[in-house]
Structures are given as structure tokens and as C-alpha cells.
Amino acid sequence: MASGNAIRGTRVGSGPMRWVDAGQDRMEAVARTSVSYWCANGHQTEPSFAADVPAPAIWECPRCGLPAGQDEQNPPARPRAEPYKTHLAYVKERRSDADAAAILEEAMRRLHERRPR
Ligand SMILES: [Zn+2]
């Protein structure tokens with residue numbers, strides 16, 4: 001009964017007002033647990049979830065938008081996955097370009113060497 005609500009809790013910017021209303025409606029009907037999360041900026045947030053649904057490992061900090069985790073001593077790092085991937089793709093691209101250039105250069109050299117003057 002409450003699982004749909006918890007899943008929608010992972011939303012970003014899709015009708016938060018309606019989500020809050022739904023949560024308040026259910027507050028009296030369903031047992032809830034509060035879970036504390038801390039973000040890398042030291043903000044603590046304590047969203048509550050239906051008790052029959054496992055709390056997510058990561059929660060979005062409502063104050064700064066960083067991911068927040070349940071371990072106060074070890075909050076999730078700022079998301080770097082995308083820049084890292086981009087950098088890796090960039091390096092790969094550079095390498096394949098260089099390889100292609102080297103292969104082309106080698107092919108051209110052989111072509112010239114074979115050609116009698
Ligand atoms: Zn924060």
C-alpha cells in the first residue's frame with residue numbers, strides 16, 4: 001500500500017507538493033520510521049518512510065542537493081561520476097585519434113618507400 005509512495009520519493013522535481021500531501025495522508029494510516037542522512041556539507045535531514053519499506057541508502061539533501069548517506073562520519077562524496085566518465089572518454093578518444101594518425105602515417109610511409117623514384 002505504501003510502496004508506491006516510497007518509490008516516488010526518489011523523484012526529482014516531479015510534483016513535490018502532491019508527494020507531500022500524499023505523505024501526510026498516509027502518516028496516520030501507516031507506521032513510519034525516521035532515518036537520518038548527512039550530506040558532504042554536514043547538513044542533516046531526517047525524512048520518514050513507511051516502516052514496511054526499506055529506507056534508501058542515499059537521500060538527496062534538501063538544503064544543497066548533494067547526495068546524503070546514513071553514515072554521518074562518511075557522507076557520500078559530491079557526484080563526480082559524470083566528469084570522470086567524460087574525461088575517460090576524452091582520453092580514449094585522444095588515444096584512438098593518435099593511433100589512427102600513426103597508422104595512417106605508417107601506411108603513407110610504406111606507400112612512399114615502395115614507390116620507385
Ligand atoms: Zn546538504
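With the structure loaded, tell me whether Asp99 is charged (D, E, K, R) and modelled with pLDDT of 65 or more or whether it fails that test. Yes: the conditions hold for Asp99. How about segment 56-73: which of its residues are over 17 Å from the mean Cα position of the chain (by Cα) and either among the small types (Gly, Ala, Ser) or more than 11 Å from the ligand (Cβ to nearest atom) (or both)? Asp71, Glu72, Gln73 - these are the residues of segment 56-73 that are over 17 Å from the mean Cα position of the chain (by Cα) and either among the small types (Gly, Ala, Ser) or more than 11 Å from the ligand (Cβ to nearest atom) (or both). For the condition surrounded by fewer than 17 Cβ atoms within 10 Å (Cβ to Cβ), of a type outside the set (Lys, Arg) and at pLDDT 85 or above, Thr86 does not qualify. Checking each residue in segment 35-53 for being assigned to a loop (DSSP other than H, G, I, E, B) and touching a Lys or Arg at 6+ places or on another chain (Cβ under 7 Å) picks out Ala40, His43, Ala51.
Could you tell me whether any residue of segment 33-47 is more than 16 Å from the ligand (Cβ to nearest atom), of a type in the set (Val, Ile, Thr) and modelled with pLDDT of 90 or more? Yes.
What about Pro54, is it surrounded by fewer than 13 Cβ atoms within 10 Å (Cβ to Cβ) and out of contact with any Gly (no Cβ under 8 Å at 6 or more places or on another chain)?
Spelling it out, Pro54 is indeed surrounded by fewer than 13 Cβ atoms within 10 Å (Cβ to Cβ) and out of contact with any Gly (no Cβ under 8 Å at 6 or more places or on another chain).
The values are calculated or read from the model by the stated rules, or taken from the named source; none is laboratory data. No experiment lies behind these values; they were computed from the predicted model shown. Neighbour counts run over all protein chains shown; Cβ positions are idealised from the backbone, glycine included.
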